[in-house]
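**Q** Once you've had a glance at the structure underneath, I'll fire off some questions.
Every number in this text was worked out from the coordinates using simple rules, so none of it is lab data. Nothing here was measured: the structure is a model prediction, and the numbers come from that model. Counting neighbours? That spans all protein chains shown, and the Cβs are built from the backbone with ideal geometry, glycine included.
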Amino acid sequence: MYFNTNKQKGNTGLGMAIAYFTSNDYTVSIPLNDTQDYDLIIEKNNVLNTVQVKATGCKTKYGIYQVALKSCGGTKGDTYKTVVDTKVDYLFIFTEEKSMFLIPCNKIINKSTLNLSNNYLKYEVRM
């Protein structure tokens, strides 16, 4: 799979996250706007959690997928938040090679980027 645009990458990541959670018996809720830190609310066994979704096709020079943890915007592209500065419960990552990761945000210490190296392979999930 190749992401032609950032919009396609974001839509695909969100769609795959919804498919993953739905197929694993979660109730999935989608916020009405995009001003909150999370992309999805999931519920299972009466427990609610928030999820930020990221998709990536970017690899390091060592062939390891890398995902940006910061959100940038404005005319200067300034960073206005990172995943670790939010109160989001989980980070769901979808890669161009169709791998999926569900990482508890309290396990993430990086602020800028996250490399899906050996430290994070235990968080890989399947449908």
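**Q** Which aspartates and glutamates, on any chain, are close to Lys70 with Cα under 12 Å apart, when same-chain ones fewer than 8 places away are left out?
**A** Asp37, Asp78, Asp85
**Q** Here is a further query. Dipole size in debye (nearest 20) for the chain around its Cα centre, Lys and Arg Cβ +1, Asp and Glu Cβ -1?
**A** Dipole magnitude for the chain comes out near 420 debye.
**Q** Pick from Gln36, Gln66, Gln52: which residue has the top mean-square fluctuation in a GNM of the chain where Cα pairs under 10 Å get a spring?
**A** Gln36
**Q** Can you tell me the dipole magnitude for the range 7-50 around its Cα centre, using point charges on the Cβ only (Lys, Arg +1; Asp, Glu -1), in Debye to the nearest 20?
**A** With Lys and Arg at +1 and Asp and Glu at -1, about 160 debye.
**Q** Given the -39500 (n - 2.57) contribution per DSSP H run of 4+ residues, what per-residue ellipticity at 222 nm results for the chain, rounded to the nearest 500 deg cm²/dmol? Walk me through the intermediate numbers first.
**A** On the way: 1 runs with 18 residues, N = 127.
Theoretical 222 nm ellipticity from helices: -5000 deg cm²/dmol.
**Q** Based on the Cβ-Cβ distance of Asn6 and Leu32, what FRET efficiency does E = 1/(1 + (r/R0)^6) give at R0 = 25 Å, to the nearest 0.05?
**A** 0.70
**Q** Moving on. Cα extents of the chain along the three principal axes, largest first, in whole Å?
**A** So the extents along the principal axes, rounded to whole Å, are 41, 31, 29.
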